[in-house]
Structures are given as C-alpha cells and as structure tokens.
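Note sheet for the following structure.
The values are calculated or read from the model by the stated rules, or taken from the named source; none is laboratory data. Since this is a predicted model, take the numbers as computed values, not measurements. With ideal geometry, Cβ positions are generated from the backbone for all residues, glycine too; neighbour counts draw on all protein chains shown. These area figures cover heavy atoms from the full protein model, side chains too; ligands, DNA and RNA do not enter into them. Shrake-Rupley method; radii C 1.70, N 1.55, O 1.52, S 1.80 Å.
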Amino acid sequence: MTELLALADRAAESGAKVLITGESGVGKDLVARHLHNHSRRKRAPFVAVNCAGVTETLLESELFGHVRGSFTGAYRDKRGKLQLAHGGTLFLDEVGEMSLRMQALLLRFLENGEIQAVGSDTPQTKVDVRVITATNRNLTEMIAAGQFREDLFYRLCVIRIDVPPLRERPEDVRALASHFLGRGERRLTLTEEALQAFQRYRWPGNVRELVNVVEQLLWLAPTGNVGVEHLPPSMRGGEVLASPVVDRRRQTADDLYEALVKHGASFWEHVYPMFLARDITRHDLRELVRRGLRESKGRYKALLKLFGMSTRDYRRFMNFLAAHDCGVGFREFRGPAASSEPPSEPLSGNLLPYAIAGDHQPVVTHI
C-alpha cells in the first residue's frame with residue numbers, strides 16, 4: 001500500500017487520466033479522492049458519479065445535462081456533472097457498467113471536450129475536466145466479449161492503479177482494525193485470539209466489510225474486551241486465508257446464496273442494501289438469481305421462499321429486477337436440458353415479462 005500511495009502521488013502531479021481497478025470494497029473511491037486532493041486541481045470541484053446506480057437515459061442527462069422539454073419531467077435546463085466539475089475532477093465509479101451507447105458518448109467527449117446536452121441540437125460548451133475512472137470488472141475480458149469499447153479503454157487507461165484485496169495484505173488487518181476501533185465513541189480491546197481470527201478471515205467484502213464488522217462490535221459487544229465468541233459467525237469458523245478465486249463474481253454469488261438459504265437471511269434486509277450501497281454489482285445479483293433459478297427449476301415464485309421473502313413480495317421483486325436489468329431467463333433451468341453454465345447474455349428488461357408469465361401470472365413491469 002505504501003508503493004500504491006507513492007504511485008498515486010506521482011500520478012496526481014500529472015493531468016493524465018487514471019483507471020483504478022480492484023474488487024468491491026477495497027477503497028477505489030479513496031484513491032480517486034487522494035489523486036484529486038494531491039493534484040493542481042485540488043481547489044476545484046471533485047464530482048463523483050456512480051455509473052452502476054443510474055439507468056442509461058438518466059446517466060446521459062446526469063453527465064451532459066439536458067434542456068427544457070427534452071423529455072417528460074424536464075421542466076428546466078440542467079447542467080450536467082461534466083460542467084459542474086469544470087476545472088476539477090470527474091470520478092466515474094463502476095465505469096464497466098456503462099452501456100455501449102454511453103461508452104460512445106463518453107469517448108466523443110474525451111476526444112474533443114465538447115458537451116452536448118440531452119435535447120440540444122449543437123454542442124453547448126467545452127470544459128476542462130480530469131477524468132478518473134474505477135471498476136471492479138475485468139475490462140480486458142469485456143473487450144473480448146464485445147461489452148466494452150477497446151478505443152475507450154485506451155483513452156481511460158493512461159495510468160492504471162490496481163488496489164489489492166485485503167486478503168492479499170493480511171499484515172494490514174490489525175492496523176486497519178485498530179484505526180477503525182479508535183474512531184468509535186466506545187473503547188474496545190480485541191483479544192489475541194480475536195485478532196488472529198481477523199487475520200485468518202479472507203474478507204470477501206474487503207475493507208468495507210472490516211468497517212462493518214468493527215461497527216457491529218462497537219454496538220453489540222457486551223464488554224470492553226472482545227473475544228472470538230463476540231465475532232460474527234462467519235469469522236469464527238477458523239478458515240485459513242483463502243487464495244484468490246478464479247471467478248470472484250461466482251464466489252460472491254455463492255456467499256450471498258449461502259447467507260440466504262443456509263443462514264436464513266432475508267433478500268430485502270441482506271442483499272438489497274448491499275446492492276444500493278454498491279457492495280455488489282448487477283452481475284453479482286444476476287449470478288445470485290441464476291443460482292436460485294437453478295435450484296427452483298426456473299420458477300421465480302419459488303425464489304421468494306428460498307430468498308427469505310414473503311409471497312406478497314412477488315411483484316416487488318420482479319419489478320426490482322426489471323428496473324435494474326438484473327433479470328435472468330428461466331427456460332434454461334427447466335427440463336432435462338437445464339445446464340449449470342450461465343447463459344451468454346442476461347435477460348433484458350423488455351423480455352422480463354415473458355419470464356414472469358412463465359410463472360402463470362403475467363405482470364406489467366415498470367422499466
């Protein structure tokens with residue numbers, strides 16, 4: 001991490017675009033803020049946009065702005081984030097979740113610096129913005145699969161900073177735990193056995209998960225001395241430090257599935273908040289749904305009980321999947337030909353009603 005910060009300091013001095021890679025929860029946004037705060041633009045705005053949390057239409061308006069009357073609800077002109085970040089830094093988090101159309105619009109801006117608002121016939125202005133991007137996706141694989149533009153990748157990846165997962169630097173765990181414990185209003189002391197459990201645990205949620213565990217201990221530990229028995233159940237198992245898995249996304253879905261099915265967690269209380277907090281991505285959620293459909297033989301209704309939901313949540317669940325483009329086709333999981341391999345493409349939002357109709361209760365989804 002010392003080497004990473006030294007690299008970040010050198011990158012901050014330049015005006016070059018930076019691509020920050022790493023798993024969810026490792027602190028890519030902190031690296032982006034470090035780059036801005038140590039650059040010549042530090043007195044100008046730092047504007048962050050989560051590309052995974054905004055639909056394609058709204059993302060275009062969010063970045064480039066819109067003119068009055070350009071779409072329903074556009075009652076006035078609105079400046080986009082690019083204009084708001086003029087002279088400063090624009091941080092595009094989860095850039096790998098951008099659609100190909102949005103990638104083309106971003107590439108055009110990077111080439112000429114011109115902004116054309118939604119509904120406008122001509123470019124309105126030019127802005128001076130440093131663009132920093134981050135992703136937990138493998139963009140090289142996405143390029144090979146035709147899901148990410150190669151020309152945009154080389155525009156964004158002038159300088160690349162890879163933030164390592166916490167399991168690859170266990171020597172940092174004690175220092176981080178001590179730091180986050182020190183920020184709390186309550187004074188806690190971890191026993192040596194508890195500290196060893198912290199170091200053995202593989203931290204699939206990385207530093208963000210460590211922060212959550214410390215916060216939980218600050219609120220729930222009965223005494224000031226925290227032993228192994230006070231740690232979350234997942235940390236008491238004595239797991240050895242796990243090596244990186246080949247498919248991190250499949251592992252994330254497996255962890256979520258185990259929490260829902262084996263440990264009785266609720267989808268709305270466990271998975272839903274993680275998705276809103278960007279701890280998991282659309283791809284992770286699709287993998288979870290795919291795993292559930294494999295178990296339920298392609299029945300979405302059966303997922304409700306499997307994922308700890310009430311039967312009254314059927315429409316809410318399906319509309320949630322449709323709104324965030326996380327639906328999965330059900331046909332591959334029905335019949336003897338059902339395969340354990342994931343399909344090449346997720347079910348798009350406009351096809352989701354057919355999957356719902358397969359459960360004999362057609363629902364009009366709100367996209």
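What percentage of the solvent-accessible surface of the range 97-146, computed with a 1.4 Å probe over protein heavy atoms, is contributed by carbon and sulfur atoms? Show your work: numbers first, answer last.
Numbers: 980 of 2240 Å².
The nonpolar share, carbon plus sulfur, comes to 44 percent.
Do me a favour and compute the ellipsoid semi-axes for the chain from its Cα gyration tensor, root of five times each eigenvalue, largest one first, whole Å. If you can, show how the numbers build up before the last one.
Numbers: eigenvalues 237, 201, 68 Å².
Computed over the chain, the values are 34, 32, 18 Å.
Which of rounded, prolate or oblate describes the range 74-174 when judged by the alpha-carbon gyration tensor and an a/c cut-off of 1.5?
Values: a/c = 2.43, a/b = 1.73, b/c = 1.40.
Verdict is prolate for the range 74-174.
I need the phi-derived Karplus couplings for the range 127-136: 6.51 cos²θ - 1.76 cosθ + 1.60, θ = phi - 60°, integer Hz, Gly and Pro marked x.
10, 10, 9, 8, 9, 10, 10, 9, 7, 9
Put +1 on the Cβ of every Lys and Arg and -1 on every Asp and Glu Cβ in the chain; which of LEU7, SER24, HIS270 then has its Cα farthest towards the positive end of the dipole?
The Cα lying farthest towards the positive end belongs to HIS270.
Taking the Cα centre of the chain as origin, sum charge times position over the Cβ atoms of Lys and Arg (+1) and Asp and Glu (-1), and report the length of that vector in debye to the nearest 20. It would help to have the intermediate numbers written out before the result.
Values: 50 positive and 45 negative charges, 145 e Å.
Approximately 700 debye in magnitude.
Karplus couplings for the range 281-297 from phi (6.51 cos²θ - 1.76 cosθ + 1.60, θ = phi - 60°), rounded to Hz, Gly and Pro as x?
Values, residue by residue: 10, 4, 4, 4, 5, 4, 5, 5, 5, 4, 5, x, 5, 5, 6, 8, 6 Hz.
With every protein chain left in place, what is the accessible area per residue of the chain in square angstrom, probe 1.4 Å?
On the way: 18720 Å² over 367 residues.
Computed with neighbouring chains in place, this is 51 Å² per residue.
HN-Hα J couplings of the range 303-315 from phi, Karplus 6.51/-1.76/1.60, θ = phi - 60°, integer Hz, Gly and Pro as x?
These are the phi-based 3J(HN,Hα) values: 5, 4, 5, 4, 9, x, 10, 6, 5, 6, 8, 4, 5 Hz.
Which of GLN124, GLN83, GLN251 ends up with the largest GNM mean-square fluctuation for the chain, with Cα atoms connected below 10 Å?
Checking each option, the largest mean-square fluctuation is seen for GLN124.
Quick check: residue separation of ARG334 and ASP162 times 0.36 nm, minus the Cα distance between them. What number comes out in nm?
On the way: separation 172, 0.36 × 172 = 61.92 nm, distance 4.09 nm.
Residue separation times 0.36 nm, minus the Cα-Cα distance, leaves 57.8 nm.
So for the range 1-152, considering every pair of alpha-carbon atoms, how many percent are separated by more than 25 Å? Mind showing how you got there, number by number?
Numbers: 3473 of 11476 pairs.
When every Cα pair of the range 1-152 is considered, 30 percent fall beyond 25 Å.
Tell me the carbon and sulfur percent of the accessible area for the range 179-329, rounded to whole percent, probe radius 1.4 Å. Walk me through the intermediate numbers first.
On the way: 3910 of 7650 Å².
Roughly 51 percent, rounded to a whole number.
Mean residue ellipticity at 222 nm from the helices of the chain, using -39,500 (n - 2.57) per DSSP H segment of n ≥ 4 over the full residue count, to the nearest 500 deg cm²/dmol? Show your work: numbers first, answer last.
Values: 16 runs with 151 residues, N = 367.
When only DSSP H runs of four or more count, the value is -12000 deg cm²/dmol.
Hey, which aspartates and glutamates would be in cross-link range of LYS81, C-alpha to C-alpha under 14 Å, not counting anything within fewer than 8 residues on its own chain?
Those aspartates and glutamates meeting the cut-off are GLU60, GLU62, ASP93, GLU114, ASP128.
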